[in-house]
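Read the structure below first, then the notes.
What follows draws every value from the coordinates through simple rules; no lab data is involved. Small disclaimer: the values here were computed from a predicted structure and weren't measured. Cβ coordinates were reconstructed from backbone atoms using ideal geometry, including for glycine residues, and neighbour counts include every protein chain displayed.
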Amino acid sequence: MLRESLRYLALRLKYSKEAIKREQERLKREAEEHSRLAARYLADGKDAEEKGQVISAFQSYLSSLRSANIAFDKTSYAAALGRIESLVHRIGLSKDQEETTLKVKAVLQSGQEKLPIRDLPLTFRLAQGDETIIRTNQEGIASFRQTRLPGLINVVAVTIDIEQAFPLSYSDLPEKDTKEIQKAFNLLKKEKVEFVLTKNLGKVIFSISCKNLGKEVDRKIVESKLSSRLVESGQKIVSQDETETVEDLLKDGDFASLKLLCDTIITGEFFTRRGTKLRSELFSCFAAGSLKVTDLGSRDTIFQKEVSDVAGFGLDMESAGIDALNKASSLMTDYLCGVVE
């Protein structure tokens, strides 16, 4: 009985060793296959990179990383990780503009050469929040025509859509390496070009009331600063002779007739309130104002802003009020023309 039990145990040990050996051989073959795959994916990535196919190159390098990780192939793993980091750091954007057509070129720095990057998704985003995603063409260029400008000064920022271009799913890779890859992509997110577009307002006319301590004063205190800055930016100001006609049409709500006189109307009001006597010959006063710019064609409000508590100083309360109005109009002009963020 004992002899039979020992024979049975010996047979089990024999077959267990054979099973273990077979499993070891299988794992070895699998590791060798993944090592070959890692090398092949690495070569594929380099080929894609030389053609400016950055997304394909990244996917190949990522596949090489995964295969090398399975095979415990440290050489291929380090090479693939290095290629990914190098690839990301050599991607750049440049810009060109033809009127309202915005062009951005994506390039990959390769030695002294800049290779165009094809099929890279770029996000064109207006400051107001509207955005459009466009992929680069064979020359690495994404073209975007901005036809509707919601504001007088419009900033269009262009960035790489990282999530769409390089899907970041690395759950099967070591955490320390995924953090390194993520760090590289976080830097790439900062790669950005900006376009500043000035809306052509066409013919512009003002309808602004201006009061100092409750009394009507010359509206040119406000309008002169606004008009001179708008003329500098290429806008056309309608003669002040038309102002009374415009105000009558505004009261009647006759926008059709208004449109015959001008394309854009700037309306607003500025006024002051008393401050204090600071010392024997110095008074303070505070100004407030509001401004609204309306496109008469679309009826869109393309700019609206209020300022308040703008301090002015003078030898009497009236001159302090005029100083406050001047400062308030300068501040509003800066806001309108995009100088103040």
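Summary table
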read-out	value
Straight-distance crosslink candidates among lysines, where the alpha carbon sits under 19 Å from Lys179 and sequence neighbours closer than 8 are dropped	Lys74, Lys189, Lys190
Efficiency of FRET between Glu25 and Glu180 - r from beta-carbon atoms, R0 45 angstrom, step 0.05	0.85
Lysines with Cα under 28 Å of Lys277, excluding same-chain neighbours fewer than 8 positions away	Lys211, Lys215, Lys220, Lys327
Within the chain, percent of DSSP bridges classed antiparallel, to nearest 5	85
Proxy reagent accessibility, fewest Cβ within 10 Å first, across Leu282, Leu126	Leu282, Leu126
Charge-dipole axis of the chain as Lys and Arg at +1 and Asp and Glu at -1 on Cβ define it, positive-most pick from Phe255, Gln97, Ser224	Gln97
Asp263, Asp334 arranged by Cβ crowding within 10 Å, fewest neighbours leading	Asp334, Asp263
Ratio of the Cα radius of gyration of the chain to 2.2 N^0.38 Å, where N counts its residues	1.71
